[in-house]
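Report on the structure given below.
The values are calculated or read from the model by the stated rules, or taken from the named source; none is laboratory data. Bear in mind the structure is a predicted one, so any value in this text is a computation, not a measurement. Cβ atoms come from the backbone with ideal geometry, glycine included; neighbour counts cover every protein chain shown.
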Ligand code: FES
Ligand SMILES: [Fe+2]
């Protein structure tokens, strides 16, 4: 496992709920192999390892709300308890040690979130919030999961970076004739960082309609952020929840929700395809940045006033003690 004392106690997005159907789904979270499967009581997440002989449970199948190991057919219920060992008579007691390791797992906003801290639910560790998802005047689209060969903090910081829009996304989101970022500040609000509204001449959704949009960035957690773009001339709002699944130090998957309060009759595929183009453009940068780890020492790279959201992000990762995907050289 990637030993990061913060992320191993955080809710991390691992899949879209709709992608966990009748077969087990395997994935890697912080180098830990995990299997997801659906039961009548919701999605379950186990360590992808059978206690009997170490076979991956994800190669098995789901039967009657249980996951069945592919090797000798041991059956584990949604709580991880072994309820059937085919090699012994049914009346024989199953050893209580015959259990799967279960991780807290919840479905929210159409995303499956897993926490490697077994007490997360008891402790009430909060999930990121995204109220637009439940607001009937908005419509949400899931962008396709996007795999990046980059560390999570570089990927999140790129999402929080207003200055690149006019260059990396020229013609899609930004215009290099209008690259200036007006001064703004970032504030701590309850449990997250929130930027002031930043006026940026941009296109909200690749439709070709440029206007002054007001961007608000929020850093919710080390791997989760959100963004709201408001056009006050027509009250159109486009929001995003952006969350990164850290597979390991150099590989991540992005899950992004794109929510709008306009063009509700437009096909969702338009917004999905648009987001795909945006992230393909970002991939070219984030997969090639050096060092691969985000430098948390603010002396390590140069910063402008325009970078205040990134500065807040780096500082917060340092204060929290995040080490995953981070270069902590120079931090006390
Ligand atoms: S290894 Fe899973 S049942 Fe034997
Ligand atoms: Fe970008």
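Miscellaneous remarks
- Top-ranked residue of the stretch 48-79 - restricted to ones that are under 16 Å from residue 27 (Cα atoms) and surrounded by fewer than 20 Cβ atoms within 10 Å (Cβ to Cβ), ranked as nearest to ligand 2 (Cβ to nearest atom): 56
- Number of residues in the stretch 26-63 that are assigned to a strand (DSSP E or B), farther than 26 Å from residue 3 by Cβ and without any contact (Cβ under 8 Å) to a residue 40 or more places away in the chain equals 5.
- Qualifying residues in the stretch 68-88 (those that are more than 9 Å from ligand 1 (Cβ to nearest atom) and assigned to a loop (DSSP other than H, G, I, E, B)) - the one farthest from residue 102 (Cα to Cα): 88
- Flag not set for residue 302, criterion: over 23 Å from residue 241 (Cβ atoms), buried (at least 19 other Cβ atoms within 10 Å of the Cβ) and free of Cβ contacts under 8 Å to residues at least 60 places away in the same chain.
- Matching residues, the stretch 10-24, being in contact with a helix residue (DSSP H, G or I) (Cβ under 7 Å, 6 or more places away or on another chain) and outside any loop (DSSP other than H, G, I, E, B): none
- The condition of being in contact with a helix residue (DSSP H, G or I) (Cβ under 8 Å, 6 or more places away or on another chain) and either surrounded by 15 or more Cβ atoms within 10 Å (Cβ to Cβ) or over 28 Å from residue 191 (Cα atoms) (or both) holds for only one of 220, 331, 238, that being 331.
- Inter-residue pairs, beta-carbon under 7 Å, first within 25 Å of residue 6 (Cβ to Cβ) and in the stretch 122-140, second at pLDDT 95 or above and in a helix (DSSP H, G or I), 6+ apart: 125/9
- Among the residues examined, residue 301 does not qualify as touching a strand residue (DSSP E or B) at 6+ places or on another chain (Cβ under 8 Å), assigned by TED's automatic domain parsing to the domain that holds residue 228 and modelled with pLDDT of 95 or more.
- Looking across the stretch 160-210 at every residue that is surrounded by fewer than 17 Cβ atoms within 10 Å (Cβ to Cβ), under 22 Å from the mean Cα position of the chain (by Cα) and in a loop (DSSP other than H, G, I, E, B), the one that is nearest to ligand 2 (Cβ to nearest atom) is identified as 164.
- Residues that are closer than 15 Å to residue 223 by Cα and over 17 Å from the mean Cα position of the chain (by Cα) within the stretch 1-49 comprise just one, 5.
- Some residue of the stretch 278-287 being assigned to a loop (DSSP other than H, G, I, E, B) and either within 19 Å of the chain's Cα centre (by Cα) or surrounded by 14 or more Cβ atoms within 10 Å (Cβ to Cβ) (or both): yes
- Residues in the stretch 1-41 that are closer than 19 Å to residue 109 by Cα and surrounded by fewer than 16 Cβ atoms within 10 Å (Cβ to Cβ): 18, 19, 21, 39, 40, 41.
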